[in-house]
Amino acid sequence: MFQVLSESMAALSFVDIFNCCVFLTFTICYTYQLFYVFVVLTRKAPKHVASKNHKYAVLVAARNERAVIGDLISSIRAQNYPQELIDVYVIADNCTDDTAAIARSAGATVFTRHNKEEVGKGYALDYGLKAIWQEFPNKGYEAYFVFDADNVLDANYFREMNSTFDSGAKASTSYRNSKNFDSNWISSGYGVWFLREAKFLNQARLTLNTSCAVSGTGFFIAADILENAGGWKWHLLTEDIEFSTSSIIDGVRIAYCPTAVLYDEQPISFKDSWNQRFRWAKGFYQVFAHYALGLVKGIFKNERGHKFACYDMLMTISPGMLLSVVSIVFNAVIVVLGFMGVMSTGIAIASSISSIFFCLFNYFMFMFVFGVLTTFVEWNSIRATTRRKVLSMFTFPFFMLTYIPIAIVALFKKCTWKPIAHTISVDVNEYAETEIASNKVVG
């Protein structure tokens, strides 16, 4: 009897210690992001006023984007910024439609690329950059903007980003909103996530004068950064996160401009969403494998004042989701072994069942709270009906829960780049004068 009790207590102790360690790891590593929320709600983000207008090139990697490429170029041509200082270059990458012709008719310079071996946005950007340097070596661009073909810009986008560049920023991201938030629970899930990233991650980083992170589209990079790199050298599946991580390790601070508004089209089918987020998950694993050690060294050895930025980026690319998955799988194994009779203690089984519930419930509630907070703070910025905004608070946690199977599959399955269809054309005039809530309130 005493031996059975001892074995039961030992099993219980091991299970509880494991679960406690997982919980403490999460708490220690990510509590600082709650401080970010406090910073955004209590402090105003710094503002900059440009002393001069600078000259920019726009890079757009486009593959079969005939439905939307014209809208992006039109929104660039409608900017409250001197048009002679903006040149638009579209890389028609392995297109089988008339994207190139539409882009040319809209006023862009088009480079046509056909390469079935080196597939992905990073390769297209590299091709476009080198084509510009070869064909237009004396243009004198001071920075390069990167957009996706489905984007539409607020009319003051370049004016606001110019202020950030003029303040000395070597790279900067912008406020990423959604033009189809109202489509369904998938598009609204993306929308809330990107608004949360802009408001409660990048704006806090801006306010605290640490480094932000580039996220896919809507950013600029100073010309000297790209020239010193010899082109676009970041070719992992998530080239944006790779660039951000590499830059932070090198001591380059990435800025954020909360007043430069970009609208992005989000997937509306679960298949497209799965493919896209699967690539992101795999890409994050790749970046972690390539750059985690460099970030760890930067935390302790970085001499340029970016130690915290290295830590923050390490937490961003760390596979935290996998820690939750490992915890759930571990406890599920304990439960299965218990029901199979391999383990004799019911206490440990009960502890494991409660831990699985605790893990999933905590993740769900954390995302629910962030979804509610983001939606309320950015309410006036979201282009959707009141019904969709309210529904998004409840569907957002379920959208985020679907990342769990994606994270697991990404561990084992090979990923290849797959295009996401963009079909939502909009009236650019509707986006011409947008005053977002984040310009007026809390930070």
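The values are calculated or read from the model by the stated rules, or taken from the named source; none is laboratory data. For clarity, every value in this text was computed on a predicted model and none was experimentally measured. For neighbour counting, all protein chains shown are included, and Cβ atoms are generated from backbone atoms with ideal geometry for every residue, glycine included. Areas reflect the complete protein model, heavy atoms only, side chains present, ligands, DNA and RNA absent. Shrake-Rupley method; radii C 1.70, N 1.55, O 1.52, S 1.80 Å.
Residue 225 - would you say it is open to solvent by 20 Å² or more (accessible area, probe 1.4 Å) and assigned to a helix (DSSP H, G or I)? Taking the combined requirement at face value, the residue satisfies it. Does the range 88-107 contain any residue that is under 30 Å from residue 206 (Cα atoms), modelled with pLDDT of 95 or more and of a type in the set (A, V, I, L, M)? Looking for residues that are under 30 Å from residue 206 (Cα atoms), modelled with pLDDT of 95 or more and of a type in the set (A, V, I, L, M), one finds at least one in the range 88-107, hence yes. Residues in the range 63-80 that are over 20 Å from residue 419 (Cβ atoms), assigned to a loop (DSSP other than H, G, I, E, B) and open to solvent by 60 Å² or more (accessible area, probe 1.4 Å): 80 alone. When you look at residue 254, is it surrounded by fewer than 23 Cβ atoms within 10 Å (Cβ to Cβ) and among the aliphatic types (A, V, I, L, M), yes or no? No; evaluated as a whole, the condition is false for this residue. Scanning the range 81-121 for residues that are of a type in the set (Gly, Ala, Ser), assigned to a loop (DSSP other than H, G, I, E, B), in contact with a helix residue (DSSP H, G or I) (Cβ under 6 Å, 6 or more places away or on another chain) and touching a residue at least 40 places away in the same chain (Cβ under 8 Å) yields a single hit, 108.
Of all residues in the range 123-167, exactly one satisfies the criterion of being in contact with a His (Cβ under 7 Å, 6 or more places away or on another chain), open to solvent by 10 Å² or more (accessible area, probe 1.4 Å) and within 28 Å of residue 424 (Cα to Cα), namely 123.
Any chance the range 286-305 includes a residue that's surrounded by 17 or more Cβ atoms within 10 Å (Cβ to Cβ) and within 20 Å of residue 192 (Cβ to Cβ)? No, because not a single residue in the range 286-305 is surrounded by 17 or more Cβ atoms within 10 Å (Cβ to Cβ) and within 20 Å of residue 192 (Cβ to Cβ). Restricting 147, 181 to residues that are in a strand (DSSP E or B), closer than 27 Å to residue 269 by Cβ and among the hydrophobic types (A, V, I, L, M, F, W, C) narrows the list to 147. Pairs meeting the criteria (first residue in the range 406-433 and surrounded by fewer than 12 Cβ atoms within 10 Å (Cβ to Cβ), second residue not polar (S, T, N, Q), beta carbons under 6 Å, at least 6 apart or on different chains) are 433/155. Scoring residue 210 on the criteria (1) modelled with pLDDT of 95 or more; (2) open to solvent by less than 40 Å² (accessible area, probe 1.4 Å) leaves a single failure, condition (1). Could you tell me which residue of the range 363-378 is nearest to the chain's Cα centre (by Cα), considering only residues that are open to solvent by less than 60 Å² (accessible area, probe 1.4 Å) and free of Cβ contacts under 8 Å to residues at least 60 places away in the same chain? The qualifying residue nearest to the chain's Cα centre (by Cα) is 367.
Being among the aliphatic types (A, V, I, L, M) and in a helix (DSSP H, G or I) holds for only one residue in 49, 60, 40, and it is 40.
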